[in-house]
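Below: the structure, in structure tokens.
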Amino acid sequence: MSFDHRAFRDTLGCFATGVCIASATGADGRPVGLTVNSFTSVSLDPPLVLFCLDNRSESLSAFLEAPGFALSILSAEQQALSNTFARAPHATRWDGVAAVTGQGGAPLIQGALAVLDCTRHAIHEGGDHTILVGRVRGFANQPGAPLLYYRGGYAALNDGRG
Ligand SMILES: Cc1cc2nc3c(=O)[nH]c(=O)nc-3n(C[C@H](O)[C@H](O)[C@H](O)COP(=O)(O)O)c2cc1C
């Protein structure tokens, strides 16, 4: 029986998510980052989170070499950042982006709804993706509405919160 990849992706897209920028600093000192919605909280004690990185990612080696990574959870006002980190060439992704460096060496994006600063805890094989598990060393959040992703497009909360 053939597997319908398009229908599979469409089905996964029914799970509404937030949107994050996963970031790290490569061994060459340059920041890398990409838009991800595979963020998941894993454990409270110890505090662990994960995201899944496509094995074809140009940033894979930087993430594997770095001592840690960060996840910046985007606010509804940061849709343009999501597009930039999903589409723009690596050389220009960080242009004009205000960030501070966390304990894991990764840039934390200012103005994000929340940030999670991680050191690397584990790396697991996950088919055509690599599962990066981070131990959270620092975190912060601020009021605001989240950027959401649903069925292949951006969405917004309409419950008045934030
Ligand atoms: C909403 C959204 C969610 C995404 N989630 C992921 C993800 O979880 N993992 C991943 O590897 N790519 C994900 N992508 C795709 C990457 O952002 C995109 O392929 C990016 O150009 C990869 O950059 P890189 O070459 O630096 O890895 C997502 C894209 C969008 C728009």
Among GLY134, GLY111, GLY13, the residue with the largest mean-square fluctuation in a Gaussian network model of the chain built from Cα contacts under 10 Å is GLY13
In whole angstrom, the spacing between the Cα centers of segment 11-27 and segment 38-93 equals 6
Give me the Kirkwood hydrodynamic radius of the chain, using the inverse of the mean 1/r over all pairs of distinct Cα atoms, in Å to one decimal. 16.1
Scalar couplings 3J(HN,Hα) for segment 144-156 by Karplus 6.51 cos²θ - 1.76 cosθ + 1.60 (θ = phi - 60°), nearest whole Hz, x for Gly and Pro, are x, 9, x, 7, 10, 10, 7, 6, x, x, 6, 9, 9
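For the chain, what is the accessible area per residue in Å² when the probe is 1.4 Å?
The answer is 58 Å² per residue.
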Return the sequence-ordered ³J(HN,Hα) values of segment 34-43 in whole Hz as given by the Karplus equation 6.51 cos²θ - 1.76 cosθ + 1.60 applied to θ = phi - 60°, using x for Gly and Pro. 8, 6, 9, 10, 8, 4, 9, 6, 10, 9
Residue-wise, which Karplus ³J(HN,Hα) couplings in Hz belong to segment 126-133, taking 6.51 cos²θ - 1.76 cosθ + 1.60, θ = phi - 60°, and x for glycine or proline? x, x, 7, 10, 10, 9, 9, 9
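The values are calculated or read from the model by the stated rules, or taken from the named source; none is laboratory data. Nothing here was measured: the structure is a model prediction, and the numbers come from that model. For the accessible areas, the whole protein counts, side chains as well, though only heavy atoms, and no ligand, DNA or RNA atoms are used. Shrake-Rupley method; radii C 1.70, N 1.55, O 1.52, S 1.80 Å.
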